[in-house]
Amino acid sequence: MTDALHITAGQLPDEIVLFPLPRVILLPRVQLPLNIFEPRYLAMVDHAMSNGRMIGMIQPKPDGAGDTVFKTGCAGRIASFNETDDGRYLITLKGVCRFDVAEELPLAAGGYRHAKPCWKNYHHDLASDTVTDICRDTMMVTLRQYLDKMQMFCDKWETIRHIECEKLISTLSVVCPFSTEEKQALLEAPDLPARAKILHALLEIAAKEEEECKASCH
């Protein structure tokens, strides 16, 4: 994979809009489709489109009624934009770089949140991870077990088998329906091997729990 839209550390913004969504994370170089319909988030996208096209995806903390967000999120650049006949925005973000919230600013005029980000701990996100020793075969076996137990169908096994390690781990981390806390653990993993280890454990646990649940129901 190429670097994240060719953005350098010096081009990362000093201010970023925040889009808090539970159980939704973004990671560098992963694409995330979003359906935007709330007025405040339509205003957020309008602002982003006129100011570098960057949006900071971040999770609200489960115990904060949506008011408090986690410290760490990931910025994505709007890679595609479409407006529907009923006024919704269909956008796709491409992950660029993680950030920590250094300071959350007062609500913008449109009602959306924005903050001053701190990027310094995540500059390495701007270049793709070339690690390959993530024990792909073990991951594939566990993924098959997970999908089978969750009754999820996949017909792309050959593609998955040959996909780059970073893309495989990052995409699964984003799309698998883990809890908010589990998603955050994947997001905050310091490097790809650590994220792969967390992901493998979560897939194993989820598959086992689903199997035990089915057994107890019969």
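Exactly one residue out of 99, 19, 81 is touching a strand residue (DSSP E or B) at 6+ places or on another chain (Cβ under 8 Å) and either among the β-branched types (Val, Ile, Thr) or closer than 20 Å to residue 178 by Cβ (or both): that is 19.
Conditions (1) under 28 Å from residue 75 (Cβ atoms); (2) touching an Asp or Glu at 6+ places or on another chain (Cβ under 9 Å); (3) not in a helix (DSSP H, G or I), marked per residue:
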| position | (1), (2), (3) |
| --- | --- |
| 153 | no, no, yes |
| 167 | yes, no, no |
| 173 | yes, no, no |
| 178 | yes, no, yes |
| 187 | yes, no, no |
| 193 | yes, yes, no |
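The residues on offer are 72, 92, and the sole one that is in contact (Cβ under 8 Å) with a residue 60 or more places away in the chain, under 21 Å from residue 181 (Cβ atoms), surrounded by 15 or more Cβ atoms within 10 Å (Cβ to Cβ) and of a type in the set (S, T, N, Q) is 72. Scanning the range 76-96 for residues that are assigned to a strand (DSSP E or B) and over 19 Å from residue 40 (Cβ atoms) turns up 77, 79, 80, 82, 92, 94, 95, 96. For the range 108-115, the criterion of being of a type in the set (Ser, Thr, Tyr), part of a loop (DSSP other than H, G, I, E, B) and assigned by TED's automatic domain parsing to the domain that holds residue 43 is satisfied by at least one residue.
Of the residues making up the range 15-62, those that are farther than 19 Å from residue 98 by Cβ and of a type outside the set (A, V, I, L, M, F, W, C) are 33, 35, 38, 39, 40, 41, 46, 47, 50, 51, 62.
Any chance you could count how many residues in the range 29-57 are without any contact (Cβ under 8 Å) to a residue 60 or more places away in the chain, under 19 Å from the mean Cα position of the chain (by Cα), surrounded by fewer than 21 Cβ atoms within 10 Å (Cβ to Cβ) and over 20 Å from residue 86 (Cα atoms)? The number of residues fulfilling the criteria is 1. Against the list (1) touching a residue at least 60 places away in the same chain (Cβ under 8 Å); (2) surrounded by 17 or more Cβ atoms within 10 Å (Cβ to Cβ); (3) in a strand (DSSP E or B); (4) among the aliphatic types (A, V, I, L, M), the condition residue 26 fails is (3).
The values are calculated or read from the model by the stated rules, or taken from the named source; none is laboratory data. Quantities reported herein were computed from a predicted structural model and do not represent experimental measurements. Please note: Cβ atoms are built from the backbone with ideal geometry, for glycine as well, and neighbour counts cover all protein chains shown.
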